[in-house]
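Data first, discussion second: the structure below is written as structure tokens.
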Amino acid sequence: GYASLQANPTTMGFMDKTLLSIVAGLGGMFGWGTSDFFANLSSERIGYFKTFFWSQPTGIVFMLCLIPFFGLSALPSLYFILLLLVLAVLDSAGYLLFYKAFEIGNVSIVSATINLNIVFAMLIAFIFRAQRLTPLQTVAVVLILFGITLVSVNFNDLKNRQFKLLAGVKETIISAVFFSIYWNLTETVSETIGWLGATLYVKIGATLFLLIFALLAKRTLALTRTSTKTKVIVTLVGILEALATSSVNWGLGVGDLILVSPISSAFTVVTISMAVIFLKEKLSLTQTLGIVLAITGIVLTAL
């Protein structure tokens with residue numbers, strides 16, 4: 001995208017690609033923001049592993065319903081089948097480590113640290129895929145990342161619990177590495193077989209991986225004593241997460257990861273806003289400033 005801009009600053013192709021990247025990023029932002037809100041509610045009731053596991057087949061069913069409308073590309077080669085299996089493992093491992101970090105660590109620290117996956121992903125895209133941002137977009141991305149950090153971190157909590165800052169950080173950093181590699185590889189898959197196939201096939205692979213993992217780890221997956229309300233919440237998690245992933249995968253196919261990724265990462269703003277509205281949680285001045293900076297950054301990406 002950036003190379004084409006240098007060649008012709010007024011090219012419509014670049015502007016279209018930029019706009020599509022922004023729209024896709026916003027889809028990921030709102031989808032993951034809402035799904036994480038419901039995932040937190042579900043995890044408190046049935047645990048993070050069951051929540052993540054059952055959200056996958058729910059997402060699969062949702063994606064299958066979209067095939068009559070958008071079609072589904074066949075896998076072109078054995079290479080892509082193996083690549084999708086790798087993506088399924090990376091995605092599953094990333095989520096399991098991320099949720100585990102929430103269980104053992106400080107939520108503020110984990111929320112801030114996971115944003116490293118955006119930095120890692122952008123560095124990989126910059127170094128290995130020759131993707132570039134305009135100067136203004138660079139400023140916008142910095143504002144988004146800085147805003148996300150301010151929203152995620154409760155500085156008063158950090159002062160009171162300074163001796164517990166390291167808990168969960170190792171798991172989160174490894175999770176961030178998995179996610180950054182996952183999204184860079186997914187860009188290639190999305191460009192080849194389309195967003196629907198990239199989302200659906202990975203979810204199928206992730207479900208199989210989680211089944212094997214649960215069997216080896218002797219984890220129970222039954223929801224026999226789970227209320228209908230909780231099952232509905234898990235269903236929402238699966239659908240919303242599938243929507244977010246589909247939106248970002250679509251963006252990777254028509255746009256650039258280096259712009260899609262930081263915008264979609266602003267899902268923290270959506271999650272916290274929902275907590276304020278529905279759970280009556282209070283926002284600090286720092287978090288309010290973070291939301292303003294993140295929204296400002298998102299607006300600047302379109303200029």
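The numbers here are math on the coordinates, done by the rules we state, and not lab data. As the structure is a prediction and not an experimental result, all values here were calculated from the model. No Cβ is skipped: glycine too gets one built from the backbone with ideal geometry, and neighbour counts run over all protein chains shown.
Taking 7 Å steps out from each Cα toward its Cβ at K170 and T220 produces label points 3.0 nm apart. Packing here is the average count of other Cβ atoms within 10 Å per residue, and on that basis the peptides 187-195, 246-254, 77-85, highest first, run 246-254, 187-195, 77-85. Using the average count of surrounding beta-carbon atoms within 10 Å as a protection proxy, the listed peptides 256-262, 214-220 rank, highest first, as 256-262, 214-220. Lysine pair count for the chain with Cα-Cα distance under 22 Å and sequence separation of 8 or more or different chains is 15.
Below 14 angstrom from the Cβ of F213, what's the summed charge of the other residues (Lys, Arg +1; Asp, Glu -1)? Neighbour charge sum, excluding F213 itself: +3. For the peptides 128-137, 30-39, the ranking by packing is 30-39, 128-137, with the highest mean count of neighbouring Cβ atoms within 10 Å listed first. With the cut-off at under 20 Å, measuring from each backbone N in the stretch 167-182 to a point 7 Å along the Cα-to-Cβ line of L82 picks out 181-182. For the chain, averaging the sequence separation of C-alpha pairs within contact (under 8 Å, six or more residues apart) and dividing by the residue count gives a relative contact order of 42 percent. Dividing the helix sum by the residues of the chain, where each DSSP H run of 4 or more adds -39500 (n - 2.57), gives a mean residue ellipticity at 222 nm of -27500 deg cm²/dmol.
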